[in-house]
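Structure record follows, encoded as structure tokens.
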Amino acid sequence: MAKRRKSKGDNLVLRYLVLGSWALFCLVPIVWFLSIGFRPRTEIITPTPIYWPTFSLDAWRLLLADWPIFDYLRNSVLAVTGSVVIDLILGIPAAYSLTRYEYRGRDDIGFYILSTRMMAPAIVAIPIFFLFRNLGLLDSVFALMLIYAAVNLSIVVWIIRSYMLDIPKELEDAARTDGAGDLRILWEIIIPACLPGIITASVIAAIFAINEFLFTLLIASTKNAYTMSVALANFTGGSDGVIYNAIALVSFLAFLPILVLIVLIQKHLSRGLTMGAVKG
Amino acid sequence: MARIELKDVVKRYGGFTGVRRMDLDIADEEFLVLLGPSGCGKTTTMRMIAGLEVPSEGEVVIGGEVVNEVDARDRDVAMVFQGYALYPNMSIYENIRFPLRMRGIPKADQDRLIRRAAEMVELGDFLDRKPGALSGGQRQRAALARAVVRQPQVFLMDEPLSNLDAKLRSSMRVQIKHLQRQLKITTVYVTHDQIEAMTLADRIVIMEKGAIRQIGTPDEIYSDPADTFVAGFIGAPPMNLVEGLAENGRFAAPGLVVACPGGVSGRVTLGVRPEDCHVVGEGLAALEGRVYGVEPTGETTYLTLRTGETLFEVKAARDARFNLGDLVRIGFDPDRLCYFDTETGARLRVQPYRSVA
Amino acid sequence: MAAIDQTGGAAQAAPDRARPREKTLRRRSPALRRAFPYLLVAPAVIYLLGITLYPGAYAVYQSFYLVRFTEWIPVGFDNYVELAGDAEFWQAMLNTLLIGGIALTVECVIAMALAFFAYRDALIRGWRIAFLMPMLFMPSAVAFIWKLAFNDGRVISDLLRKLGLIEGNLDFLGNIWLARTTLIVADVWQWTPFLFIIFVAALQSQDQEVEEAARLDGASWPAIFWNISLPMIRPVIAVAVVLRGIDIMTMFTNVFILTKGTPGGMTETISYFIYRQGFQTFNFGYASAAAVVMLVITILAAQLVVKRAFKSGKT
Ligand SMILES: Nc1ncnc2c1ncn2[C@@H]1O[C@H](COP(=O)(O)OP(=O)(O)O)[C@@H](O)[C@H]1O
Ligand SMILES: [Mg+2]
């Protein structure tokens, strides 16, 4: 370290100045927004901002009294976990097929799956809306589950595929000569060996599902299906305008589990976010 | 235990032929080694026997049955892989148990079989560990235990020792051979290491570019090579090969003249093993050259001589010491000389093979 | 088939057999063997066709109709013709490219600069999570953070005033470039960490010896970074930028919460345009025509850009 400090273009002061200011830029809005959750509404929207907070539990009272916050929470949890389960059930065999077999059209199928990641929600929003309306699934958690699963399936397949590629083929050959069939190899050998990839894929899919906005906005219309992400946009009390302290609170309710999940897969995060393209 | 036959087996990958017209008959209880440079199709051959690869043409017969269509899981062969292929999420005990479980061996018998297999490879104390917590040699033995536990009809081993250090390799060699003799299981063993091949094999199959060059006992392969490829591949250092001209019972190349059988004539390659050369006095020499390099190995000294354009390896006495550039005269053991057709590389069979033994 | 015989022939008892008594050789039909991988991948593909091919076809079909509640009136190419002459549509296209292009560029530059300073620093590695925080918020929540800061709470105006840069309050929704700036800032704040963490990971997974060799050759760190490290991680950069680009060009949530397209449609993105045509003016056929245009662009981009990025980024 001591030698590095002297080397050209490696100015420590500059380094920490740059990194430190960006860290502040990242964190200050978060801390400030957190404080909003514990302030009275009268202090939030004012002609000039009031920086020094007065502590208040207004937002909590309001949320618990006027908004079915636990319904939103339940909807989010159900839709997200359900969608991840669907993704794993469909995605693991697909990833296995794409990595462990050679067949005609394999790469095209793989690329097709990848390319669904590029599909803007807005493109398919209208048909999906009509589809679910015809199926009578509007405003249901089940519909959200199905759509989240579809949105994230490409990510799940590609992440798991990347981890499966790392498993030596010998392992599978060994199991085959030991007498195991294809499905048993998948279940007993491959899945345990790429568990980190499966967890990473699940976490990333879960986070994207928690965040999903446009489809949820179209499908959900009451507390039957509102998730946290979309419920936020409804925290407007008519003439009162946007109820920011309630929004801040709900944001943090969603933020905390995501933080935990991210810390859990921290080592695999960049690999997951690039759908397996970076091994970092 | 079973006899294995490969009948005109071909394996193609797209336009590329990995194995061409392989015809091979492996006797029951035999220890057969496939030897050849990397990429010559050894692994492919073995994988076809295992059922992990389907031949493009020809038949694989195990124990009298054509098994081309039989899945690997039903062939009753056990394979030991170069990278060991231990299941990382299972303990060693579970690893060894896996093939028993897959074959529906009654639970009551499993434990005894596992422990006995582990004892055979001296791994009894490590059964609770995960593969990651074992050394290379221990993993190797765990892989062996997993293969022997179910007493298969056939053992297949694909370069099982290549990831071990030299010392461990020689002790594992002894263990493997001992196990095979004890269990009397037909074994096909792949390696690119000729020492392994020579020490382990009942018979060696030398392969090159997907084709068999020679099949024979280690002795035959060494002393009676079928062509220049085998001659140049086997032996460390390998046989000297000198291109020259033979006529009227004399073979001549730059710096080298030697009497040869009358049947040999035309453009011919002479093969001499370094140990069949002796440093001799003037008049007796077949070859004269200047010292190009001296390599004392402790047990012996290898001299590299330069004659004309070629380099020539000679095994000299342990205490032979020469300086670079010294003139050295070499005589050959006439019975041990091999002649090859320079054009085709094929051996010219003009004198009967004389066994070393 | 003798069992293991260590004791000299006496132990031929049945329990010593490690093989089940009866042996039948299963012969799998080649047809099943060949079909098996397709069977594994089929459910996922069918499911995905359900949200891409089916809706895509539906959108194409619907785009030839005028949809009035339950009544569908065929209008041929009218929707497309109208779209081609619709200034709002072209403005939305332009807005998407402008806002997305600027945000993407800014994010790349900042993320790369930060990565340059961070990737060899053990101290920062431990604090990496601090840089990730914005990414962990729901995008809708982030939109509200910036809505409060820019508009409703007038915090940004106040800070700029305190710095003596402006007087009075800025109306961030009243000015085209101020409104676009709010969208750009919100996106940059939330998603620069995405690129940052990927760049850092890629840089750290490079072979260190190459950099060390360059140092011994006398190169400075910026020179090494620019000439050696960056080119080595180019495939990764491509993948990350493509993924970010996809999300940015389909931006919806921030527009929906922050600007709703104001002022005068100058912050409306394509996604928002389709949403507005469909679900606010209930002009479904017209919205579908716009969606089809976007779909075509997506497919072209997928073939030309994404395929290549992932091919080269693949290991
Ligand atoms: N799955 C495959 N696809 C295409 N070519 C292959 C495949 N497997 C092996 N080969 C080729 O076949 C040849 C023989 O390979 P292999 O049997 O592994 O050689 P060895 O084990 O003797 O080193 C090599 O040139 C290799 O590149
Ligand atoms: Mg091999």
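Applying the selection to the stretch C:36-63, what residues are open to solvent by 60 Å² or more (accessible area, probe 1.4 Å) and in a loop (DSSP other than H, G, I, E, B)?
Selection gives nothing.
Kindly provide the set of residues from the stretch A:23-35 that are within 7 Å of chain C (Cβ to nearest Cβ) and either crowded, with 18+ Cβ neighbours inside 10 Å or among the charged types (D, E, K, R) (or both), ordered by number.
The answer is A:C26, A:P29, A:I30, A:F33.
Kindly provide the set of residues from the stretch A:154-175 that are over 22 Å from B:R103 (Cα atoms) and within 7 Å of chain B (Cβ to nearest Cβ), ordered by number.
A:P168 - this is the single residue of the stretch A:154-175 that is over 22 Å from B:R103 (Cα atoms) and within 7 Å of chain B (Cβ to nearest Cβ).
Can you name the strands (runs of 3 or more DSSP E) wholly within the stretch B:8-62 that have at least 3 residues being within 15 Å of ligand 1 (Cβ to nearest atom)?
B:16-26, B:31-35
Among what's in the stretch C:217-267 and is at the interface with chain A (Cβ under 9 Å from one of its Cβ atoms) and polar (S, T, N, Q), pick the residue that is nearest to C:E88 (Cα to Cα).
C:T250
Of the residues B:V77, B:V19, B:V70, which single one is within 16 Å of ligand 2 (Cβ to nearest atom) and in contact with a strand residue (DSSP E or B) (Cβ under 9 Å, 6 or more places away or on another chain)?
None of the other options fit; the residue is B:V19.
Here are some residues: B:V154, B:V148. Which one is touching a residue at least 24 places away in the same chain (Cβ under 8 Å), touching a Ser or Thr at 6+ places or on another chain (Cβ under 6 Å) and more than 16 Å from ligand 2 (Cβ to nearest atom)?
Answer to the check: B:V154.
Would you confirm, using the coordinates I've provided, whether A:R61 is at pLDDT 90 or above, open to solvent by 40 Å² or more (accessible area, probe 1.4 Å) and among the basic types (K, R)?
no
Could you give me the residue pairs with C-beta distances under 8 Å whose first residue belongs to the stretch A:109-130 and is within 7 Å of chain C (Cβ to nearest Cβ) and open to solvent by less than 10 Å² (accessible area, probe 1.4 Å), whose second residue is among the hydrophobic types (A, V, I, L, M, F, W, C) and outside any helix (DSSP H, G or I) wherever it lies, and which are 6+ apart or on separate chains?
If the second residue must be among the hydrophobic types (A, V, I, L, M, F, W, C) and outside any helix (DSSP H, G or I), the pairs left are A:L114/A:M275; A:A122/C:F252.
Would you be able to tell me the number of residues in the stretch A:182-194 that are within 8 Å of another protein chain (Cβ to nearest Cβ), open to solvent by 10 Å² or more (accessible area, probe 1.4 Å) and either aliphatic (A, V, I, L, M) or touching a helix residue (DSSP H, G or I) at 6+ places or on another chain (Cβ under 6 Å) (or both)?
Residues in the stretch A:182-194 being within 8 Å of another protein chain (Cβ to nearest Cβ), open to solvent by 10 Å² or more (accessible area, probe 1.4 Å) and either aliphatic (A, V, I, L, M) or touching a helix residue (DSSP H, G or I) at 6+ places or on another chain (Cβ under 6 Å) (or both): 1 in total.
Does C:N95 qualify as being within 19 Å of the chain's Cα centre (by Cα) and open to solvent by less than 50 Å² (accessible area, probe 1.4 Å)?
Yes, satisfied.
With respect to C:P193, is the statement that it is surrounded by 14 or more Cβ atoms within 10 Å (Cβ to Cβ) and either within 12 Å of chain A (Cβ to nearest Cβ) or at pLDDT below 90 (or both) true?
So C:P193 passes the test.
Which is modelled with pLDDT of 85 or more and surrounded by fewer than 20 Cβ atoms within 10 Å (Cβ to Cβ), of A:D87, A:D71, A:D66?
Among A:D87, A:D71, A:D66, only A:D71 is modelled with pLDDT of 85 or more and surrounded by fewer than 20 Cβ atoms within 10 Å (Cβ to Cβ).
When only residues in the stretch B:284-322 that are closer than 15 Å to B:L256 by Cβ and outside any strand (DSSP E or B) count, which is most open to solvent (accessible area, probe 1.4 Å)?
By that ranking, first place goes to B:E309.
Report yes if some residue within the stretch B:6-23 is free of Cβ contacts under 8 Å to residues at least 40 places away in the same chain and of a type in the set (F, W, Y); otherwise report no.
Within the stretch B:6-23, one or more residues are free of Cβ contacts under 8 Å to residues at least 40 places away in the same chain and of a type in the set (F, W, Y).
Taking A:Y101 and the conditions (1) more than 30 Å from C:V109 (Cβ to Cβ); (2) away from ligand 1 (no atom under 16 Å from the Cβ); (3) hydroxyl-bearing (S, T, Y), which numbered condition does it fall short on, given that it satisfies the others?
The single condition A:Y101 does not satisfy is (2).
Assuming C:V67 fulfils every condition listed in (1) among the aliphatic types (A, V, I, L, M); (2) in a helix (DSSP H, G or I); (3) more than 9 Å from every other protein chain (Cβ to nearest Cβ) apart from one, which condition is it?
Unmet condition: (2).
Only residues that are open to solvent by 30 Å² or more (accessible area, probe 1.4 Å) and within 22 Å of C:T267 (Cβ to Cβ): list them for the stretch C:111-150, please.
C:K147
In the stretch C:217-228, what count of residues is obtained for those that are open to solvent by 40 Å² or more (accessible area, probe 1.4 Å) and at pLDDT 85 or above?
Summing the residues that are open to solvent by 40 Å² or more (accessible area, probe 1.4 Å) and at pLDDT 85 or above in the stretch C:217-228 gives 3.
Which of the following residues is more than 19 Å from C:I246 (Cα to Cα), assigned by TED's automatic domain parsing to the domain that holds C:L203, surrounded by fewer than 23 Cβ atoms within 10 Å (Cβ to Cβ) and of a type outside the set (G, A, S): C:L159, C:L104?
Exactly one of C:L159, C:L104 is more than 19 Å from C:I246 (Cα to Cα), assigned by TED's automatic domain parsing to the domain that holds C:L203, surrounded by fewer than 23 Cβ atoms within 10 Å (Cβ to Cβ) and of a type outside the set (G, A, S), namely C:L159.
Restricting attention to the stretch B:193-206, which residues are in a strand (DSSP E or B) and in contact with a helix residue (DSSP H, G or I) (Cβ under 6 Å, 6 or more places away or on another chain)?
Passing the criteria: B:I204, B:I206.
Hey, A:Y101 hits all of (1) surrounded by 18 or more Cβ atoms within 10 Å (Cβ to Cβ); (2) at the interface with chain C (Cβ under 7 Å from one of its Cβ atoms) but one; which does it fall short on?
(1)
Consider C:N79 against the criteria (1) more than 10 Å from every other protein chain (Cβ to nearest Cβ); (2) open to solvent by less than 80 Å² (accessible area, probe 1.4 Å); (3) out of contact with any Leu (no Cβ under 9 Å at 6 or more places or on another chain): it satisfies all of them except one. Which criterion is unmet?
Of everything listed in (1) more than 10 Å from every other protein chain (Cβ to nearest Cβ); (2) open to solvent by less than 80 Å² (accessible area, probe 1.4 Å); (3) out of contact with any Leu (no Cβ under 9 Å at 6 or more places or on another chain), C:N79 misses just condition (3).
Of the conditions (1) within 16 Å of ligand 2 (Cβ to nearest atom); (2) open to solvent by less than 60 Å² (accessible area, probe 1.4 Å), B:G39 clears all except one; give me its number.
(2)
Scan the stretch B:157-200 residue by residue and report those that are of a type in the set (V, I, T) and away from ligand 2 (no atom under 16 Å from the Cβ).
B:V174, B:I176, B:I185, B:T186, B:T187, B:I195, B:T199, listed by residue number.
Does the stretch B:42-67 hold any residues that are away from ligand 2 (no atom under 16 Å from the Cβ) and hydroxyl-bearing (S, T, Y), and which are they?
B:S56
Working carefully through the options A:A206, A:A225, A:A254, find the one that is outside any helix (DSSP H, G or I) and either under 26 Å from C:S271 (Cα atoms) or open to solvent by 20 Å² or more (accessible area, probe 1.4 Å) (or both).
Among A:A206, A:A225, A:A254, only A:A225 is outside any helix (DSSP H, G or I) and either under 26 Å from C:S271 (Cα atoms) or open to solvent by 20 Å² or more (accessible area, probe 1.4 Å) (or both).
Results for (1) out of contact with any helix residue (DSSP H, G or I) (no Cβ under 7 Å at 6 or more places or on another chain); (2) among the small types (G, A, S); (3) part of a helix (DSSP H, G or I), shown as yes or no for each residue.
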residue	(1), (2), (3)
B:D128	no, no, no
B:G137	no, yes, yes
B:A143	yes, yes, yes
B:R146	no, no, yes
B:R150	no, no, no
B:L156	no, no, no
B:S162	yes, yes, no
B:L168	no, no, yes
B:M172	no, no, yes
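The values are calculated or read from the model by the stated rules, or taken from the named source; none is laboratory data. Everything numeric here is computed off the predicted structure, so don't read it as measured data. Every residue, glycine among them, receives a Cβ derived from its backbone with ideal geometry; neighbour counts consider all protein chains shown. The accessibility values were calculated without ligands, DNA or RNA, using every heavy atom of the protein model including side chains. Shrake-Rupley method; radii C 1.70, N 1.55, O 1.52, S 1.80 Å.
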